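First the structure, in the form of structure tokens, and then the observations on it.
The values are calculated or read from the model by the stated rules, or taken from the named source; none is laboratory data. Fair warning: this is a prediction, and the values are worked out from it, not measured in the lab. Heads up, the Cβs are rebuilt from the backbone with ideal geometry, glycines too, and the neighbour counts pull from every protein chain shown.
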Amino acid sequence: MNTFEHDVLIIGGGGAGLRAAIQVARDHPASSVAVVSKVYPMRSHTVSAEGGAAAVISESDSLDDHAYDTISGSDWLADQDAVEVLVENAPKEMLQLEHWGCPWSREPDGRVAVRPFGGMKLERTWFAADKTGFHLLHTLFQTSLRYDTITRYDEWFVTGLIVSEGRCQGVTAIEVRTGKMRSIGARSVILCTGGGGRVYPFTTNGNIKTGDGMALAYRAGVPLKDMEFVQYHPTGLPGTGILITEAARGEGGILVNNEGRRYLADYDLGQPLDINDPAHPQKRTMELGPRDRLSQAFIHERTAGRTFEGPDGDYVQLDIRHLGERTIDRKIPMVRELAVRYVGIDPVSEPIPVRTVVHYMMGGIDTDTSGATSLPGLFAAGECACVSVNGANRLGSNSLTEILVFGARAADSAAEYAENVAPPEVKLLGDSAAAEQARLEQTLLRPDGGGETVNGIRTAMRETLEEGVGIFRDRTRLERTCTVIADLKRRYDKLALVDTSQTFNTELIAALELGAMLDVAEAIAHSALARTESRGSHQRTDHPERDNDIFLKHSLAYQGESTPHIAYKDVTITRWPPGERVYGSA
Amino acid sequence: MPDQVLEVFRYLPDSEAESRFDKYEVTYRDNWVVLDALNHIKEHLDPTLSFRWSCRMGVCGSCGMMVNGEPALTCETFVRDYDTETIKIEPLTHFPVVRDLVINMDDFMEKLPTVSPWLIRDQDDDPGEGEYRQTPAQVAHYKRFSMCINCMLCYSACPVYGLDATFIGPAALALAERYNLDSRDEGHADRADVVTAHEGIWECTYVGACTEVCPKDVDPAGAIQMLKLSYALDWAKGFVMPKGAES
Amino acid sequence: MTKELHRPLPRSWWLRKATYFQFMIRELTSLAVLAYTGLMIWALLSSSSDAADFPEFFDFLTGPLSVWLHMIVLALALFHTGTWIALTPKVLVLWRDDERVEPDVIAGANATLFLVISGAVWWLVMG
């Protein structure tokens, strides 16, 4: 049998996908729901998130404060109605996770504990030591096992959306173990496929973060929004790019340059308190500033020759020695494990070398606050989507919250939508799978090699992205990157695989992922070229100022014949008119 | 940069009936893990080599393989720590091989739900009423057993599982204990049937190899022995005070 | 679907790793303990009856072969006891607030208890 059918089909088995699946199974039990994932759900990249998930919980905190921190953190590009949805629903999502068994770290009296995080005025980041994503994902996965109405297609790689009669009616997917092309029909599809950090050469992201879902939507005519906004996390390990959580700074860690100076004091992020001051670390100040500003500071320090030189590039030092072994082992034990294992440094006695590293995509598939895209029947949630709650820069610990809130919302929307449409025709499903198989046989799987290799094209793509669409951009280099990407796409069309076998062909999967990455890269580069201002994580040396007159808008990248077409749409402003982002004072 | 030969297990069922070993010579950097060497082979020497990996930081559990005969997480195992002339890489033992270094883990995926690895309560409180209180000490009681990344190294090390694949196995049982010990859970009795079945804890003869190879220090052997004690006590209580035994 | 490869465990699996070998020895020692227990019960029963062959049996028990046998069984029993004591921290998990009592402390306490009880039995029997 080559075709299957469900009411709600979820692509991606990470935090957003599993949350959506549970939502359908629990609240819409009459609906047939399935999760398709190219990896077993426990391998989804949610697993590597470390620091925590933000939600208002203390008496002295407020939803408005969380909203304001998020909106100012986004450099006013976040849609404020979406942010209000995020902050309102955050506490109940965290409590639901707790009720499902998530081992949140606790206060002595048994209440959930919260920690400070970058750009947040008050402590509101819920955490499970520093393996929050791991515990969140496993809690969701294990809870999902209770619902035997959730069907799973583990290690099935989705190659395309089935679109007919103006709506999405399912997907074509390769069952990786057998190599067979299948169709899965659905009345509604939710993309929860994550971001695409692997388009860059140095990233915290795992191998699977290749923007597959973004490309699927893009090719179906759905625009990708705000793709130029790529977050560089300030503290990754040199060489591997492995993430050292912001929580290390939340607990009081400091960043120093090769002069031993807490250099962030020179970047309009306030003045440092002494590390022994009980008020350290001060919120929204210095090391607890927003990620875009911290990463930009690193580049300036490097240009000025104040970073350390190492075999894996320049770095600065993250010093957590003053926290003491007990705090480190209790609150951020994985930071210690990772530092010891991968750079041979015990942070109890030595500072950790860190540098900026690509971490997250604020941009993604354009959706509204219910998770709907412009294509009827197609929804999206999580990092692959752009609602937008994160705007031009995301605050740490908002993403784990986002995947839960919008995963659940997209599920409700999709289930309701599915109730009002007819199921796909069997013939459509059969024809789609056959056509897709034929397409692969005429391209990647054809016997005559074109001389190109997956690795060759992929390496070139990564180089040009880092060169032209890094932390600081300018027109010349952006144009060059756009040209290189266009050339790489032509080379990709000539790619024929060495491995044409059927059983678990990972060269084929890597090639399909590369195709997705090239689409994502194209959207990023062209969107960045078109935005002639600087805002948040998009910094143009040739247009260094923020321009709210022209650019208080989201960019929308639509796939074109040869290059994407960039359009714009207004940012939704409700109660917080654009202002200055001020850090360094409480 | 030094050289290293990797002898890698290959199984290409579409074209070959038998498995074989391929030798690859790799020049490696001092900070390379075995996974880096495998990726180098795939990217530069042989794109047909298939293996699973993702996070490369020891949390996703994808990259378990046999390295020089021992189950290892290849993203946490450094090439420099092996001083044999050749490093032998094979798929995890005790699992059927799909292709090359990729094993079939359906068995584990089917067993996992049977131990009811979720919070069981007689009455689910409304989350709106706030969190279930749980002190740091109470969290500590089950924390260790919650650290399992499902990498399957323990199943590879367990000779009981190797001899009898019906054994539920270390990771699944450790997860049962994680929930049994969670102060918020009330499902100890609900898990009894599966956990104390013949294929459950009583098939474990405490070889202890699972705990030895576990890369996350979960100590599944300890979890199983604790389960034996707790369910044995339940059984004894059932004799002494049949009505009030189940708690 | 193409064939999956099955790699059955060889008969010699327990020779492959030190852990497996020690496990087998441990299991075999329980046989020795069992056998000796059987011998003791038999001796007890024999000594209380009017069996004619008891003096012969008693001679055997005090002879050199028997002494060697007893020493070997004692060594195996001590090894067996050692592995049991090492197991106790796995089942007896004690907590001081949110920190676990060190496994060595539990094992040490059990070892001490074993020595004290053995000493008491020795004193009762010999003293």
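Within region A:428-436, is even one residue among the small types (Gly, Ala, Ser), touching a residue at least 60 places away in the same chain (Cβ under 8 Å) and in contact with a helix residue (DSSP H, G or I) (Cβ under 8 Å, 6 or more places away or on another chain)?
No, every residue in region A:428-436 fails to be among the small types (Gly, Ala, Ser), touching a residue at least 60 places away in the same chain (Cβ under 8 Å) and in contact with a helix residue (DSSP H, G or I) (Cβ under 8 Å, 6 or more places away or on another chain).
Being under 26 Å from residue A:283 (Cα atoms), touching a helix residue (DSSP H, G or I) at 6+ places or on another chain (Cβ under 9 Å), surrounded by fewer than 23 Cβ atoms within 10 Å (Cβ to Cβ) and basic (Lys, Arg), is that true of even one residue in region A:88-108?
Looking through region A:88-108, at least one residue is under 26 Å from residue A:283 (Cα atoms), touching a helix residue (DSSP H, G or I) at 6+ places or on another chain (Cβ under 9 Å), surrounded by fewer than 23 Cβ atoms within 10 Å (Cβ to Cβ) and basic (Lys, Arg).
Being within 9 Å of another protein chain (Cβ to nearest Cβ) and part of a helix (DSSP H, G or I) is the filter here, so list the residues in region B:199-210 that pass it.
B:209
Out of B:189, B:174, which single residue is surrounded by fewer than 20 Cβ atoms within 10 Å (Cβ to Cβ) and either modelled with pLDDT of 95 or more or not basic (Lys, Arg) (or both)?
The match here is B:189.
Look through region B:49-61, keep the residues that are in contact (Cβ under 8 Å) with a residue 40 or more places away in the chain and within 7 Å of another protein chain (Cβ to nearest Cβ), and return whichever of them is farthest from residue A:445 (Cα to Cα).
Once the filter is applied, the top-ranked residue is B:59.
Is it the case that region A:124-143 has a residue that's in contact with a helix residue (DSSP H, G or I) (Cβ under 9 Å, 6 or more places away or on another chain), surrounded by fewer than 20 Cβ atoms within 10 Å (Cβ to Cβ), farther than 22 Å from residue B:62 by Cβ and of a type in the set (Lys, Arg)?
No, that holds for no residue.
Could you say whether any residue in region A:309-323 is among the basic types (Lys, Arg) and over 22 Å from residue A:267 (Cβ atoms)?
yes
What is the number of the single condition among (1) of a type in the set (S, T, N, Q); (2) touching a strand residue (DSSP E or B) at 6+ places or on another chain (Cβ under 9 Å); (3) more than 22 Å from residue A:299 (Cα to Cα) that residue A:537 does not meet?
Every listed condition holds for residue A:537 apart from (3).
When you look at residue B:86, is it outside the structural domain of residue B:156 (by TED's automatic domain parsing), buried (at least 22 other Cβ atoms within 10 Å of the Cβ) and among the β-branched types (Val, Ile, Thr), yes or no?
Criteria not met by residue B:86.
If I ask for residues that are of a type outside the set (A, V, I, L, M, F, W, C) and assigned to a helix (DSSP H, G or I), which ones from region A:332-346 would you list?
A:333, A:336, A:337, A:341, A:342 - these are the residues of region A:332-346 that are of a type outside the set (A, V, I, L, M, F, W, C) and assigned to a helix (DSSP H, G or I).
Working carefully through the options B:81, B:100, find the one that is farther than 30 Å from residue A:100 by Cβ and touching a Ser or Thr at 6+ places or on another chain (Cβ under 6 Å).
Going through B:81, B:100 in turn, the sole match is B:100.
Scanning region B:1-29 for residues that are among the aromatic types (Phe, Trp, Tyr) and at pLDDT 95 or above, which turns out farthest from residue A:239 (Cα to Cα)?
B:11
Please specify each residue of region B:8-23 satisfying the condition of being surrounded by fewer than 21 Cβ atoms within 10 Å (Cβ to Cβ) and more than 14 Å from chain C (Cβ to nearest Cβ).
B:22, B:23
When you check residue B:110 against the structure, is it within 24 Å of residue A:177 (Cα to Cα), surrounded by fewer than 16 Cβ atoms within 10 Å (Cβ to Cβ) and assigned by TED's automatic domain parsing to the domain that holds residue B:160, yes or no?
Criteria met by residue B:110.
Residues in region A:275-323 that are without any contact (Cβ under 8 Å) to a residue 12 or more places away in the chain and outside any loop (DSSP other than H, G, I, E, B): how many?
Adding up the residues that qualify gives 2.
Looking at A:357, A:348, A:316 in this structure, which one is within 24 Å of the chain's Cα centre (by Cα) and hydrophobic (A, V, I, L, M, F, W, C)?
Answer to the check: A:357.
Just one of the numbered conditions (1) free of Cβ contacts under 8 Å to residues at least 60 places away in the same chain; (2) of a type in the set (Phe, Trp, Tyr); (3) within 11 Å of another protein chain (Cβ to nearest Cβ); (4) under 27 Å from residue A:39 (Cβ atoms) is not true of residue B:167; which one?
(3)
Restricting to region A:254-274, and then to whatever is part of a helix (DSSP H, G or I) and among the aliphatic types (A, V, I, L, M), can you tell me which residue is surrounded by the most Cβ atoms within 10 Å (Cβ to Cβ)?
A:264
Of all residues in region A:201-241, which are on the phi > 0 side of the Ramachandran plot and either without any contact (Cβ under 8 Å) to a residue 60 or more places away in the chain or within 14 Å of chain B (Cβ to nearest Cβ) (or both)?
A:239, A:241, listed by residue number.
Just name the residue that is surrounded by the fewest Cβ atoms within 10 Å (Cβ to Cβ) out of those in region B:117-165 that are under 27 Å from the mean Cα position of the chain (by Cα) and of a type in the set (Ser, Thr, Tyr).
This residue is B:142.
Which one of B:33, B:59, B:102 is in contact with an Asp or Glu (Cβ under 7 Å, 6 or more places away or on another chain) and surrounded by 22 or more Cβ atoms within 10 Å (Cβ to Cβ)?
B:33
Restricted to region A:334-345, and to residues that are over 25 Å from the mean Cα position of the chain (by Cα) and not basic (Lys, Arg), which residue is surrounded by the fewest Cβ atoms within 10 Å (Cβ to Cβ)?
Within region A:334-345, the match that is surrounded by the fewest Cβ atoms within 10 Å (Cβ to Cβ) is A:344.
Out of everything in region C:5-15 that is surrounded by fewer than 15 Cβ atoms within 10 Å (Cβ to Cβ) and assigned to a loop (DSSP other than H, G, I, E, B), what residue ends up being nearest to the other protein chains (Cβ to nearest Cβ)?
For region C:5-15, the residue satisfying everything is C:6.
When residues of region C:74-107 are filtered for being in a loop (DSSP other than H, G, I, E, B) and exposed (fewer than 12 other Cβ atoms within 10 Å of the Cβ), how many remain?
1
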